[in-house]
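The values are calculated or read from the model by the stated rules, or taken from the named source; none is laboratory data. Keep in mind that this is a model prediction, so the values were computed, not measured. No Cβ is skipped: glycine too gets one built from the backbone with ideal geometry, and neighbour counts run over all protein chains shown. The protein model used for the area step is the full one, side chains on, heavy atoms only, and it has no ligands, DNA or RNA in it. Shrake-Rupley method; radii C 1.70, N 1.55, O 1.52, S 1.80 Å.
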Amino acid sequence: MADPIPRPTHEAFLELRAGKPDVWGALEAKFDAAVLMAVVEERLDQIWDLDIPEDMPRIVFIWGEGGQDCLTIDLVEKRVERGLVGSGASLKLIAGEKYFWLMHNGGRWQDVYLSLQAEVERKPDVFNTIANVFVFSDPSNLRDALLSTLRIPKERIERRWDGRKCRIDRFCPHQGADLGNAHITEDGFLVCPRHGWRFNLNNGGRCTASSDTINSEAAD
Ligand code: FES
């Protein structure tokens, strides 16, 4: 099985964005931070009873110059507040008001995101599945998508490669694909068959694309 294509560089994204037609140019945006907060609250209401891991990054939407105009979403507490609240890990989306107006005016959040009109800052710079599901799922699918991420079964299996044997989590921590037959490269990376995330079996099964792991350990 071939390895997935390499990650695109920041320059490649900038080039791609520069080549996109300005389909938003004629839109007359009437951005309203209160409406955006209400839309976020509707999303939070859907997941009010779910236990979200404590190490979840805060999600911050920033639309003003200098990072002053923003709101902070705390998925653990199911709270959204005006301003930059708290410290520690964060996922920041920095864009113009038109971007966030589309988000509170019926646009699909994942379509808005794929416009590449936002700068994204991750601290630490690792992919977080739950934050990603919250920001990019359709509201109709949000709860189910989060549940399937939070409730991935914990079964363990053994895999062999290069004459060695190891024990790993059977289901991918991203979206639960079965890793029972996943390809393992010669240098010990297990490649998830669904989206191509790579897990380093020589480093405890840590993922190269996110902070997730499949908890690899040597088996006798
Ligand atoms: S399910 Fe997405 S990378 Fe494994």
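Annotations
- Surface per residue (accessible, 1.4 Å probe) for segment 156-218, Å²: 49 Å²
- Label-zone membership for segment 141-182, site Ser211, 7 angstrom Cα→C-beta point, backbone N under 15 Å: 174
- Cα long-axis angle, helix 139-150 against the chain (0 to 90 degrees, to the nearest 10): 30 degrees
- Largest first, the residues Ser87, Ser115 sort by 1.4 Å accessible area into Ser87, Ser115.
- In straight-distance terms, cross-link reach from Lys98 covers every one of the lysines whose alpha-carbon lies under 19 Å from its own, apart from those fewer than eight places away in the same chain; here that gives Lys20, Lys30.
- The fraction of accessible area contributed by carbon and sulfur in segment 28-150 is 46 percent, rounded to a whole number (1.4 Å probe; ligands and nucleic acids excluded).
- Gain on full stretching of the segment that runs from Lys20 to Ser148 - 0.36 nm per residue minus C-alpha separation: 42.7 nm
- Choice from Arg143, Arg206, Arg151 with maximal GNM fluctuation in the chain (Cα, 10 Å cutoff): Arg151
- Aspartates and glutamates whose Cα lies under 19 Å from that of Lys165, excluding same-chain neighbours fewer than 8 positions away: Glu155, Asp178, Glu186, Asp187, Glu217, Asp220
- Carbon/sulfur fraction of accessible area - segment 156-218, other protein chains in place, 1.4 Å, %: 38 percent
- Heavy-atom accessible area per residue - segment 28-150, 1.4 Å, Å²: 50 Å²
- With loop membership from DSSP and a limit of 14 other Cβ atoms within 10 Å, the longest segment of the chain without GluC sites (Glu not before Pro) is 78-154.
- All other residues whose Cβ lies under 13 angstrom from that of Val80 are scored, Lys and Arg at +1 and Asp and Glu at -1, for a net of -1.
- Projected onto their three principal axes, the Cα atoms of segment 156-218 cover extents of 28, 18, 17 Å, largest first.
- Extent along principal axes [Cα atoms of segment 28-150; Å; largest to smallest]: 38, 30, 24
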